[in-house]
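Take a look at the structure below.
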Amino acid sequence: MVHVEPKGRSGSFDRDAEARLAEAVGLAAAIGLSVVARHIVPLARATPATLIGSGKVEEVAGEARALEPEVIIVNAQLSPVQQRNLERAWKTKVLDRTALILEIFGERARTREGRLQVEFAHLTYQRSRLVRSWTHLERQRGGFGFLGGPGETQIETDRRLIGERLARIRSELEGVKRTRGLQRRARKRVPFPVIALVGYTNAGKSTLFNKLTAADVFAKDVLFATLDPTMRGVRLPGGTKAILSDTVGFIADLPHELVAAFRATLEEVLEADVIVHVRDSAHLETEAQKADVLKVLAELGVEPGREHPFVEVLNKIDLLEPNVRDGMLARSVRPDAPVAVSALTGEGVPALLARLEVVVTGGNIVFRLELEPSDGEGLAWAYRHGRVLDRREEAPSGVVLMLSANPQDAEKFANRFQGKMHITQGPGRKF
């Protein structure tokens with residue numbers, strides 16, 4: 001494992017090289033690779049041919065001759081030429097950070113959509129590397145007879161075939177996108193608010209998802225345990241129903257190919273009513289990870305807090321010192337403070353559910369509804385379409401309900417019970 005640490009990177013957090021190396025080791029472990037040697041290479045200026053200097057290339061070559069590794073991972077982005085030259089110098093397969101992440105995604109994807117997105121990203125990456133260590137690519141293939149001429153080279157054939165496959169995958173992903181759009185429109189007709197969990201990979205999103213929904217989504221202490229989007233219903237403490245969405249984890253220097261390929265998956269975040277940012281509060285790099293997540297969200301066109309209500313969750317408090325944990329829990333009661341939880345033990349989860357209900361129902365309309373004693377059908381309809389806050393039997397009115405509903409449902413109440421509905425509080429909607 002070779003971690004390349006650029007010096008003087010402007011506009012980013014100063015992150016500890018050892019922490020970055022540990023993350024790269026975790027990426028390798030996620031696909032069952034065992035790291036037998038590690039190097040941190042400070043980089044003041046990139047070498048065009050090999051990225052790192054010739055002295056370090058020779059040092060790693062000597063170690064590779066002794067250890068005979070199956071693969072050497074360079075925790076940086078390599079150009080096709082750099083990758084080819086390093087493979088020649090080290091006489092073994094070389095993967096850069098992008099290729100490593102693609103390997104993980106290829107192993108983790110389970111749904112058809114996930115597999116399509118991984119293949120699209122992989123082919124986009126591979127198309128630029130067809131020159132790498134191939135000896136047959138300069139051969140020309142014969143023409144097909146009618147036009148004559150020398151025909152196309154092998155590399156041109158490979159590029160054409162990859163381009164055709166990319167076009168087919170792009171078309172299929174557009175179909176997936178349309179299907180998701182139909183599903184979202186169907187949910188809006190219900191309508192239940194959508195709460196999307198986002199966060200750095202291995203922050204504990206899937207464990208929290210399972211805790212909130214009593215689901216059994218795969219959750220493991222490895223990077224990128226979740227790739228395929230998962231949605232489940234959740235009932236908040238006051239009875240409000242919502243849909244919770246678990247999404248792929250983010251990571252520093254996420255390859256652009258993956259940002260583009262996984263946009264269909266991450267569109268659940270774009271369409272969410274509330275974004276919940278789950279952070280690993282026990283991680284030494286938690287602030288830098290937060291910056292990485294916000295950067296990826298910005299690339300997707302999401303500005304938390306502006307168009308999307310935003311709740312920050314500090315997870316894994318069970319790993320903190322008791323006094324630190326208690327301080328976080330005490331601050332959680334403030335409506336604008338992060339909510340401290342342990343998805344593993346459940347500590348703080350009730351407070352999180354209560355916060356989500358406040359955020360989700362913030363735009364609801366509260367109204368009084370008077371029904372005649374004989375209107376059993378109307379009473380049942382009211383219970384199905386609104387949240388009953390209070391019920392009283394009053395003569396001569398009959399049954400008086402105090403209800404809360406989102407503006408769309410409140411409008412349905414106004415049309416269904418004309419003259420019997422009286423708004424007590426809400427965002428100023430008039431019916």
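Of note:
- By the count of neighbouring beta-carbon atoms within 10 Å, fewest first, ARG65, ARG180, ARG45 end up ordered ARG45, ARG65, ARG180.
- Residues VAL276, VAL94 arranged by fewest to most Cβ contacts within 10 Å: VAL94, VAL276
- Close amide H pairs (under 5 Å, H built 1.01 Å from N) link ASN75 with VAL2, HIS3, VAL4, residues at least 5 positions away or on another chain.
- Cα gyration tensor category, rounded, prolate or oblate, for segment 285-340 with a/c compared to 1.5: oblate
- Restriction of the GluC sites (Glu not before Pro) in segment 294-330 to DSSP coil positions whose beta-carbon has at most 15 other beta-carbons within 10 angstrom yields GLU307.
- Compared with the direct C-alpha span, the chain from LEU182 to GLU87 gains 29.5 nm at full extension, assuming 0.36 nm per residue.
- Spin-label model distance (nm) - LEU130 vs LEU270, 7 Å beyond Cα toward Cβ: 3.0 nm
- Cα centroid of segment 18-81 to Cα centroid of segment 343-414, whole Å: 59 Å
Every number here is computed from the coordinates shown, using simple stated rules; none is lab data. What you see is a predicted model; the values in this text were computed from it and never measured. Cβ atoms come from the backbone with ideal geometry, glycine included; neighbour counts cover every protein chain shown.
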